[in-house]
Amino acid sequence: MEIGRLRRRWGVVTAVYAATILVFYLLWRGVWPCCAERWLVITAVTAAYCLWVVWRHLPENHRPGEIDLLPRFGWGNRLTLLRGLAISLVAGFLLSPWPGGWVGWLPAILYTIADIADYLDGYAARITHHATRLGERLDMEFDGLGLVIVTLLAVWYGQLPLWYLPIGLARYFFVFGLWLRQKRSLPIHALPPSRHRRIFAGFQMAFISVVLWPIVPATGAAIAGTLFGLATTTSFLRDWLVAIGWIDPATAVYQQWQRRVYEVTTIYFPPLFRLVLLISLVYIYINLDTDSWVALFTAQQLPRPDVLAQVWLVVGVVTAVLIILGIMGRLMTLPLLFPLGFTLRVLEGTGTWALLALVTAVTCTILILLLGTGTLSIWRPEEKWLVWRAGE
């Protein structure tokens, strides 16, 4: 029986999870002894939940539209299982103080690995013709679980405010609401495909990964969290109103309003953001002292802090010019946020005009990341990349 073979492979996955957790635990006993046992318990519980989800849905390891079980997980599901392991390892850091040194970078690194696997698992499944219902199920489950865990961790570390927690739990609130409607025999309407839903979800995962970097200032994280949170909340609210039937996306009125909102937010507003960003950056760079970056990098024990400061200065100037001109603007916002974040970390709590300019620049940069550079842009190839699904 194919299900028997799948269960044996599940046993192998369980052994890999257990061995990996044991290796990390033994490492923590040496370099992080105060919290090793707590990390082990939380990680083991999270991993057990991930493995239970896999076990429960093993009968779904078949291609969409087919009923024959596949005897192997396939590369796509293996990458998804790697995500579950990485998320479990991150969960162990909950309820413990943020470790110092290189250990403090591991939560961000591990969740970044989960993000990369999230992008590649669908690609691997499609090119190997091994896309399954199991993969779809695990993808949704691990997406929600991972976002909850890193949101909790970011709030626990003080990187995000407490009010951000409901945003991390938004998917579970949404699913619970649908379950309640089903229990009450109320209608539930199917959600239409949405490229913006996928784009915002990807940005949300990337943002929450960066928030866990020890060098990221809490002020910058709060600004970014507010903007990403508004985008995510708006997307979930729209989907909820569609699901309960208050909005019908097929109506001409809705489509007309959708086009208008799209034009205003993604075509006409972004050039204004670029102009404000230019003014803010001119003020910031005129008053910038890169020696403060060197001191910051030195405190974080990063190699060659003087060289890093010069490199990031060049990166900041080049990316700023490209964004202002509308050349790969969305893509260029990502590296620009780093030098802005370094300066914000140095000036955090000073109350200077430079700090106001930085807050303005960070806000405009994130809005451009979310909405694009709009009209009067020279070249925007990333707009196609954002909606392209690898392997299709």
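The values are calculated or read from the model by the stated rules, or taken from the named source; none is laboratory data. Remember, predicted model here, so these are calculated numbers, not experimental data. Glycine gets a Cβ as well: all are built from the backbone with ideal geometry, and neighbour counts include every protein chain shown.
Numbers below:
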quantity	calculated
Flag for ALA47 being surrounded by 15 or more Cβ atoms within 10 Å (Cβ to Cβ), modelled with pLDDT of 95 or more and assigned by TED's automatic domain parsing to the domain that holds SER96	yes
Residue among LEU272, LEU337, LEU344, LEU296 that is at pLDDT 95 or above and assigned to a helix (DSSP H, G or I)	LEU272
Residue in the range 1-17 that is surrounded by the most Cβ atoms within 10 Å (Cβ to Cβ), counting only those that are over 26 Å from the mean Cα position of the chain (by Cα) and hydrophobic (A, V, I, L, M, F, W, C)	LEU6
Flag for ARG7 being in the same structural domain as VAL103 (by TED's automatic domain parsing), farther than 23 Å from GLY144 by Cβ and assigned to a helix (DSSP H, G or I)	yes
Inter-residue pairs, beta-carbon under 8 Å, first within 13 Å of GLY74 (Cα to Cα) and in the range 3-18, second of a type in the set (Val, Ile, Thr), 6+ apart	TRP10/VAL54; VAL13/VAL54
Boolean, PRO303 is within 28 Å of the chain's Cα centre (by Cα), in a helix (DSSP H, G or I) and assigned by TED's automatic domain parsing to the domain that holds ALA354	no
Filter result for SER96 (small (Gly, Ala, Ser), more than 15 Å from MET205 (Cβ to Cβ) and part of a helix (DSSP H, G or I))	no
Tabulated pairs, the range 89-109, first on the phi < 0 side of the Ramachandran plot and surrounded by 15 or more Cβ atoms within 10 Å (Cβ to Cβ), second of a type in the set (Ser, Thr, Tyr) and outside any helix (DSSP H, G or I), C-beta under 7 angstrom, 6+ apart or interchain	TRP98/TYR157
Near pairs, Cβ below 8 angstrom, 6+ apart or cross-chain, from the range 63-81 (assigned to a loop (DSSP other than H, G, I, E, B)) to any residue that is surrounded by 17 or more Cβ atoms within 10 Å (Cβ to Cβ) and hydroxyl-bearing (Ser, Thr, Tyr)	ARG63/THR132; PRO64/THR132; LEU70/THR132
Residue that is nearest to ALA361 (Cα to Cα), among those in the range 293-334 that are small (Gly, Ala, Ser) and in contact with a Lys or Arg (Cβ under 9 Å, 6 or more places away or on another chain)	GLY329
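Residue-wise test of (1) more than 22 Å from ALA224 (Cβ to Cβ); (2) out of contact with any Phe, Trp or Tyr (no Cβ under 9 Å at 6 or more places or on another chain); (3) surrounded by 14 or more Cβ atoms within 10 Å (Cβ to Cβ).
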| position | (1), (2), (3) |
| --- | --- |
| LEU281 | no, yes, yes |
| LEU296 | no, no, yes |
| PRO303 | yes, no, no |
| ILE323 | no, yes, yes |
| MET328 | no, no, yes |
| MET332 | no, yes, yes |
| LEU340 | no, yes, yes |
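Table: residues versus (1) closer than 26 Å to GLY341 by Cβ; (2) modelled with pLDDT under 90.
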| residue | (1), (2) |
| --- | --- |
| ARG184 | no, no |
| HIS189 | no, no |
| PRO192 | no, yes |
| ILE199 | yes, yes |
| GLY202 | yes, yes |
| SER209 | yes, yes |
| ALA218 | yes, yes |
| GLY225 | yes, yes |
| LEU230 | yes, yes |
